[in-house]
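Here is the structure we will look at.
Please treat every number below as a calculation from the coordinates, not as lab data. Quick caveat: nothing in here was measured; it's all calculated off a predicted structure. Reconstructed Cβ throughout: ideal geometry from the backbone, glycine too, with neighbour counts over all protein chains shown.
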Ligand code: BDR
Ligand code: CA
């Protein structure tokens, strides 16, 4: 089977890191680039973190290209309380060896899409993809699929109405979700079903690999944050849903839906209005609804165990 040509557009980010490590462990995916965006932390830090992660995975062939430093129409509000001030749990890292590309993220994505069909996993604010649409009109036709972590039907995580990636740049999300490309959206209603527990962190530590130890180390403060906000230490694997969907297509139940973003709103800016009524059942926009967490956990354990010992 042909490998999926993939760009991961990301703001690493602890759960971004898990998603990236899952993708880089998987031969079915030809991960061409990590393109970075401001989100969980500023773009200097997300770019540094992306370079750290490709080094950790032993994949210096994966291009790291810097993208947008600020949302389209608002100021960046970081999430250092969730991901640590450096965006990756504030543990010590070696100086990254993988260089940053000279090419802007958006130009790189357009070039890769022009070469052959491309899939994009978008796991940060959607600023880069909105700029891609604006700078390269018609680019959507050359993108096979966009799998996005973002939005929520029922409750947000930054405000009662809004999920972080959409709330961080609602204007961008509105444009991307209105674009003529096949979108699969993984909202909070789905991602909160995908969790790792303390036994999984213990499993990762016990792998006796650099990837296992570092993944467990960055998940530790993330677990403490979850304990404080959700009342237990189970860590939510939001961004990994995009990679899980690409690798195990039937694992996540999906529905057709019409999705729009609230860009105004006195109390609801950044909310996604997800219309799942029957009339939208065959919509090209699909929304993740449910999954079996034990199967997801087994998937994570197996893929992350593929990295070399040491
Ligand atoms: C999303 O926001 C970020 O903090 C996470 O990395 C994820 O992409 C969840 O709302
Ligand atoms: Ca993210």
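Over all projection directions, the Cα-based convex hull of the chain averages an area of 14.7 nm². The percentage of C-alpha pairs in the stretch 5-47 whose separation is greater than 14 Å is 45%. Computed with the Debye formula from one identical point scatterer per Cα of the stretch 18-103, without solvent, the log10 of I(q)/I(0) at q = 0.11, 0.20 Å⁻¹ comes to -0.30, -0.96.
Shape summary of the stretch 170-240, radius of gyration then Dmax from alpha carbon positions: 15.9, 45 Å. Can you figure out the FRET efficiency of residue 114 with residue 28, using R₀ = 35 Å and their beta-carbon distance, to the nearest 0.05? Efficiency at R0 = 35 Å is approximately 0.90. Using only alpha carbons, the stretch 54-116 has a radius of gyration to Kirkwood radius ratio (Rg to Rh) of 1.03.
If R₀ is 45 angstrom, what is the calculated FRET efficiency for the pair residue 278 and residue 69, using the beta carbon separation as r and rounding to 0.05? Once the sixth-power term is evaluated, E becomes 0.60.
Sketch the reach of a paramagnetic label on residue 309 as a point 7 Å from Cα along Cα-to-Cβ, and name the residues of the stretch 38-71 whose backbone nitrogen lies under 19 Å away. Residues 58 fall inside that zone. The distance between label points at residue 3 and residue 292 comes to 2.9 nm (points 7 Å beyond Cα on the Cα→Cβ vector). Helical content of the chain, expressed as a calculated mean residue ellipticity at 222 nm, amounts to -11000 deg cm²/dmol (DSSP H runs of 4 or more residues, -39,500 (n - 2.57) each, divided by residue number, nearest 500). Footprinting exposure proxy ranking of 309, 201, 190, fewest other C-beta atoms within 10 angstrom first, gives 309, 201, 190.
Model label points for residue 81 and residue 258, set 7 angstrom from Cα along the Cα-to-Cβ axis, are 3.6 nm apart. So, in Å, what gap is there between the alpha-carbon centers of the stretch 197-255 and the stretch 146-179? Result: 21 Å between the Cα centres.
Summed over all non-identical Cα pairs, the Kirkwood treatment of the stretch 90-163 gives a radius of 14.8 Å. Per-residue extension of 0.36 nm, minus the Cα-Cα distance of residue 160 and residue 232, leaves a gain of 24.0 nm for this segment. Taking the empirical scaling 2.2 N^0.38 Å for compact globular proteins as reference, the stretch 181-310 has a Cα radius of gyration ratio of 1.23.
Restricting attention to the chain, close to 30% of DSSP beta bridges with both partner residues there are antiparallel. Between the stretch 77-145 and the stretch 1-34, the alpha-carbon centres lie 11 Å apart. Reported value for the stretch 129-219: 143 Å³ per residue, from the convex hull of its C-alpha atoms.
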